[in-house]
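Structure first, then comments.
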Amino acid sequence: MNSAPDIDRISQPAAHVRALLEDVTDPEIPVLTIGDLGIVRDVTLDEAGAVTVTITPTYSGCPAMTVIEVAIRDRLMRAGFEAISVKTVLAPAWTTDWLSDAGRTKLEAYGIAPPVGSAGGRGALFSDDPVVRCPKCGAGETEKISEFGSTACKAHYRCRACDEPFDYFKCL
Amino acid sequence: MAESETIAAPTPAHEAQMQASLIDYLLYLGDSNLILSHRLSEWCGHGPVLEEDIALTNIALDLIGQARLLLACAGEMEGQGRTEDTLAYKRDVTEFRNLLLVEEPNGDFAVTITRQFLFSAWGYELFSWLTHSKDAGLAAIAAKSLKEVTYHRRHAGEWMIRLGDGTAESKTRVQAALDDLWIFTDEMFQGLPSDAALIDAGIIPDPDSLRPGWDAMVDRVLVEAMLSKPAPDFRRDGGRLGRHSEALGFILADMQFLPRAYPDASW
């Protein structure tokens, strides 16, 4: 477990907290940290050492957000913080554009195709969706089976080269 | 107003009225999402194919997320301690403000997907406008909802085309669904007198202004789906005034049973 050895809690308190939060992962996709997801919007501490972590939800109905909030509190409590506040902000709206490069690589290694291209403009029907490469064999001959996969944030795809099904993390 | 008159600053009574109107509007949007979400959840385990079972329930999840945000916003603005849960589970039929369209029974898949298409096409126009609302809270909710509703509209629209331009049976069923549900569509473009002040303040759109965009999308899909656009001389409305069909009573009995039977329960 990362115990943030290189970031001094006294001189760089916010950075220290952010490093601790690297242990908090998405409960559905445990290879991704909340930092990879880009949902940690701010970390502040007051003079008394009370910490406030501000997060933003991915999808409106994402049930993982409650679990993530609990996990943040738990991680900070175990690091010795007593006064912990987790706030949620809606604006600016979360977008898959905030997924880190490291996060995209981890997704692919885990077997989930990362979002292709930047978010926005998915309104056209039967539109030319960008090519999604199979995370297992790398082929581009893939097809969408359903817009909604195992979770609201993912679509269900199939690779016509290796015949494997896989999830695709949709652009939002 | 004569040019020599100065515009008076809003009185406290006026502000209070505006706030009451906005709360009512938030309940309208929140309730519409909540009730439709509940209807979609009724498909869980009964979808025609597994992928649609999952799709409809995921859309329900998005909608209930949006409903939570809207109802929580209304409760906070009201400042009387009502939360998203109190509003969802402790109000009775005449206090609900949802569109009549969303309380209609699911019917077959064609009815459900037609209802979804008509609703999501409206949601797309509505949330596109609301991202520019002068109320920052509502604009923030709209920005998130728009992203999700864009996928709902695409999913439902593609299905309209598959069904309309499908087999003789699918075409019959989706045309019948369209013919039955069309009488509920005008309500999406109606407002209440209390909306006027909110429209003037740039907080909500003139509901009728959403119609051209909706018409354009619906027309395009109906043409490609080879379906005819209904033209009934009858329409149903009244949801925002708490005048609902008997269906809503059954929905609430199902949805509200648990918290009403065990009021002190907590997770």
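The values are calculated or read from the model by the stated rules, or taken from the named source; none is laboratory data. Just so you know, these numbers come straight off a predicted model, no measurement behind them. Neighbour counts are summed over all protein chains in view; Cβ atoms, including those assigned to glycine, are modelled from backbone coordinates with ideal geometry. Just the protein is used for accessible areas: all its heavy atoms, side chains included, with ligands, DNA and RNA removed. Shrake-Rupley method; radii C 1.70, N 1.55, O 1.52, S 1.80 Å.
Within the range B:59-81, is there a residue that is within 12 Å of another protein chain (Cβ to nearest Cβ), of a type in the set (Gly, Ala, Ser) and within 30 Å of residue B:167 (Cβ to Cβ)? Yes; the residues of the range B:59-81 include at least one that is within 12 Å of another protein chain (Cβ to nearest Cβ), of a type in the set (Gly, Ala, Ser) and within 30 Å of residue B:167 (Cβ to Cβ).
Taking the conditions (1) farther than 16 Å from residue A:154 by Cβ; (2) within 14 Å of chain B (Cβ to nearest Cβ) in turn, residue A:62 satisfies each one other than (1).
Residue count for the range A:17-63, restricted to those that are out of contact with any Leu (no Cβ under 9 Å at 6 or more places or on another chain) and open to solvent by 10 Å² or more (accessible area, probe 1.4 Å): 17. Looking only at the range A:152-163, residues that are away from chain B (no Cβ under 14 Å) and buried (at least 16 other Cβ atoms within 10 Å of the Cβ) come to 1 in all.
Looking only at the range A:34-53, decide whether some residue is under 24 Å from residue B:149 (Cβ atoms), of a type in the set (D, E, K, R) and within 14 Å of chain B (Cβ to nearest Cβ). Among the residues of the range A:34-53, at least one is under 24 Å from residue B:149 (Cβ atoms), of a type in the set (D, E, K, R) and within 14 Å of chain B (Cβ to nearest Cβ), which makes the answer yes. Using the structure shown, decide if residue A:86 is in a loop (DSSP other than H, G, I, E, B), of a type in the set (Val, Ile, Thr) and more than 14 Å from chain B (Cβ to nearest Cβ). The answer is no for residue A:86.
Among the residues in the range B:135-151, are any touching a Gly at 6+ places or on another chain (Cβ under 6 Å), within 11 Å of chain A (Cβ to nearest Cβ) and surrounded by 24 or more Cβ atoms within 10 Å (Cβ to Cβ)? There is at least one residue in the range B:135-151 that is touching a Gly at 6+ places or on another chain (Cβ under 6 Å), within 11 Å of chain A (Cβ to nearest Cβ) and surrounded by 24 or more Cβ atoms within 10 Å (Cβ to Cβ). For residue A:74, state whether it is open to solvent by 50 Å² or more (accessible area, probe 1.4 Å), under 30 Å from residue B:137 (Cβ atoms), away from chain B (no Cβ under 14 Å) and in a helix (DSSP H, G or I). When the stated conditions are applied, residue A:74 passes them. Whenever a residue of the range B:246-267 is under 21 Å from residue B:32 (Cα atoms) and at pLDDT 95 or above, its partners that are open to solvent by less than 30 Å² (accessible area, probe 1.4 Å) and polar (S, T, N, Q), lying with C-beta atoms within less than 9 angstrom and at least six residues away or across chains, give the pairs B:248/B:98.
Taken over the range B:119-136, the criterion of being part of a helix (DSSP H, G or I) and polar (S, T, N, Q) is satisfied by B:120, B:128.
On the stretch given as the range A:89-108, residues that are assigned to a helix (DSSP H, G or I) and within 14 Å of chain B (Cβ to nearest Cβ) total 3. Summed over the range A:104-151, the residues that are at pLDDT below 85 and open to solvent by 60 Å² or more (accessible area, probe 1.4 Å) give a count of 5. Would you call residue A:172 surrounded by 21 or more Cβ atoms within 10 Å (Cβ to Cβ) and within 22 Å of residue B:124 (Cα to Cα)? The answer is yes for residue A:172. The helices (runs of 4 or more DSSP H) located wholly in the range B:144-255 that include 3 or more residues which are small (Gly, Ala, Ser) occupy B:168-181. Count of the range B:79-115 residues, restricted to those that are assigned to a helix (DSSP H, G or I) and surrounded by fewer than 16 Cβ atoms within 10 Å (Cβ to Cβ), is 5.
Contact map, the range B:100-114: residues that are more than 14 Å from residue B:161 (Cα to Cα) paired with residues that are of a type in the set (Lys, Arg), Cβ distance under 7 Å, separation 6+ or inter-chain. Pairs shown: B:100/B:236; B:101/B:115; B:102/B:39; B:104/B:115; B:106/B:39; B:108/B:173.
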